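Remarks on the structure that follows.
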Amino acid sequence: MTDAPIGMPRVSVIILNYNGAPWLERCFASLRNQSFFSQLEIIVADNRSTDSSDTLAAELIRDWPSARFIQHGANLGYCEGNNRAAQAASGQYLFFLNNDTWLEPDCLEKLVQGVEHAGAAAGMPLVLNYPDDSFQSFGAGGFDLFGLTSKHPRSESTREVLMPEGCAYLIDRGVFNQLGGFDREFFMFSDELDLSWRVWIAGHRAVAVPEARLHHRGAANVNPEGGDETIEFRTSDTKRFYANRNGLFVLIKNCQHFLLLLVPLQIGLLLAEALVGTLIVRRGLFLRRTCLDALTDCWRKRGHLASERRRIRQFRKRGDFWMLRFLRLRPNRLDELLRMIRFGTPKVSSD
């Protein structure tokens, strides 16, 4: 990585907002208190919020130097909303930040230092729970036998990760543009895994930096109860549709050859989960929406996926054999089981 040219912001912080009124003031205050603030560009983009948080966001940054507010005028989803905001950025790095976060004062300075010291193109801070210092995430260490992400344990030193968390994702702007940004067809969910897989197969690295500390509420729109703390396990048909479909998108797009064997394994797992989920929620539409619609949409988007495979082939430097270093025995669904033990059977809405 090279130093930023004189006059270029070191980091463009991009916050995509959608109905985030309860979280904005603390998030923005923590940005304003960054030791790195003079080297930041702040871009707040709104996906046509309906809770007046767009007005609040614009007012909070009104007097900030190097800050701007963008109203997209429609709900473009996480991927296209962030892509359009990134087009307006001029920093050496892009930092995609969820609004339900707050940063400790030296978070961004230490994150950039850690990423550059490691010679990486992408990175994330240590993610702690919103109200305290309890551990939440150190990124995904790899993928399991179904092609789903496997969590990385907490570490006291910078470590390589397959996937930095999307709530606080730092990436070199040139690399982001080289890789084509987020895939707009994903809309939301698994987008950071897709981008990270491309980071690695293009010959770059991604790391997690424990000295940089950030606090994250997590799933604030899906699990709104509890204020600062998550107190229930809630999901929806729509969330499961996107998560299931996009997990398959990641593999179909990015796997070169034999790792495509993960696709039928993941389909089998999703079908089994959908059948069990249908018995739990007692709605046949759950099976159709979360699994059958996801599979149908994969087929419908086959032209896009084929085009992406051709595009990725042009910058691929690492193949499936190299990516095997990220294969993990710890199954992703173990973490889901632990959540069920903690919060009970998930509450599933039909929207």
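Tell me, how many Å apart are the Cα centres for segment 280-351 and for segment 65-99? First find each Cα centre; the distance between them is then 26 Å.
Pairs of C-alpha atoms in the chain farther apart than 26 Å represent 48 percent of all such pairs.
Can you check what the net charge comes to around Asp335, using other residues whose Cβ is under 13 Å from the Cβ of Asp335 (Lys, Arg +1; Asp, Glu -1)?
Summing Lys/Arg as +1 and Asp/Glu as -1 gives +4.
Less than 11 Å Cβ to Cβ from Asn47, Lys/Arg counted +1 and Asp/Glu -1: what total charge do the surrounding residues give? Summing Lys/Arg as +1 and Asp/Glu as -1 gives -1. As a rough guide to protection, the peptides 321-327, 284-290 ranked by mean Cβ packing within 10 Å, highest first, stand as 284-290, 321-327.
Sequence-distant contacts, meaning Cα pairs under 8 Å at least 6 residues apart, place the relative contact order of segment 234-349 at 44 percent.
Each Lys and Arg contributes +1 and each Asp and Glu -1, all at the Cβ; summed about the Cα centre of segment 234-349, the dipole is approximately 400 debye. For Arg234, nonlocal amide neighbours, meaning residues 5 or more places apart or on other chains whose placed amide H falls under 5 Å from its own, are Lys347. The mean sequence separation of alpha-carbon pairs under 8 Å and at least six residues apart, normalised by the residue count of segment 11-134, gives a relative contact order of 36 percent. Entry note, the chain: the mean residue ellipticity at 222 nm calculated from DSSP H runs of n ≥ 4, each adding -39500 (n - 2.57), is -12000 deg cm²/dmol after division by the residues and rounding to the nearest 500. Packing-based ranking of 307-320, 132-145 yields 132-145, 307-320, ordered from highest to lowest mean Cβ neighbour count within 10 Å. As a rough guide to protection, the peptides 184-196, 168-180, 265-277 ranked by mean Cβ packing within 10 Å, highest first, stand as 184-196, 168-180, 265-277. Computed on the Cα trace of segment 1-73, the radius of gyration divided by the Kirkwood hydrodynamic radius gives Rg/Rh = 1.01.
Along the axis of the charge dipole computed for the chain (Cβ charges of +1 for Lys and Arg, -1 for Asp and Glu, origin at the Cα centre), the listed residues Gln34, Leu305, Leu170 are led at the positive end by Leu305. Per residue, the Cα convex hull of segment 73-145 amounts to 166 Å³.
Assuming charge only on the beta carbon of Lys and Arg (+1) and of Asp and Glu (-1), the dipole of the chain about its Cα centre is about 1560 debye to the nearest 20. Give me the count of lysine pairs in segment 234-349 whose alpha carbons sit under 27 angstrom apart, restricted to pairs 8 or more positions apart or on different chains. Qualifying lysine pairs in segment 234-349: 6.
In order along segment 314-327, phi translates into HN-Hα couplings of 5, 10, 5, 10, 10, x, 5, 4, 5, 5, 4, 4, 9, 6 Hz, rounded to whole numbers, per the Karplus curve 6.51 cos²θ - 1.76 cosθ + 1.60 with θ = phi - 60° and x for Gly and Pro. The H on the amide N of Gly141, modeled in the peptide plane, is under 5 Å from the matching H of Ser150, Lys151, His152, Leu162, each at least 5 residues off or on a different chain.
Note that segment 108-123 has calculated 3J(HN,Hα) couplings of 5, 4, 6, 5, 5, 4, x, 5, 5, 5, 7, x, 9, 9, 9, x Hz, one per residue in order, obtained from phi through the Karplus relation 6.51 cos²θ - 1.76 cosθ + 1.60 (θ = phi - 60°); glycine and proline are x.
Over every Cα atom in segment 234-349, the radius of gyration and the widest Cα-Cα span, Dmax, amount to 16.0, 47 Å.
For the chain, the relative contact order comes to 18 percent (Cα pairs under 8 Å, sequence separation of at least 6).
Rounded to whole numbers, the Karplus 3J(HN,Hα) couplings from phi for segment 180-189 are x, x, 6, 7, 4, 5, 6, 6, 7, 6 Hz, using 6.51 cos²θ - 1.76 cosθ + 1.60 with θ = phi - 60°, and x at Gly and Pro. Here is the tail figure for segment 11-216: Cα pairs spaced more than 25 Å apart come to 31 percent of all pairs. Using Cβ point charges alone (K and R +1, D and E -1), the dipole size of segment 11-216 about the Cα centre works out to roughly 280 debye. Cross-link partners for Lys110 among the lysines, with Cα-Cα distance under 28 Å and sequence neighbours closer than 8 places in the same chain left out: Lys151.
Bear in mind that the values in this text are calculations on the coordinates, not laboratory data. Owing to the predicted nature of the structure, the values given are computational and were not obtained by experimental measurement. With ideal geometry, Cβ positions are generated from the backbone for all residues, glycine too; neighbour counts draw on all protein chains shown.
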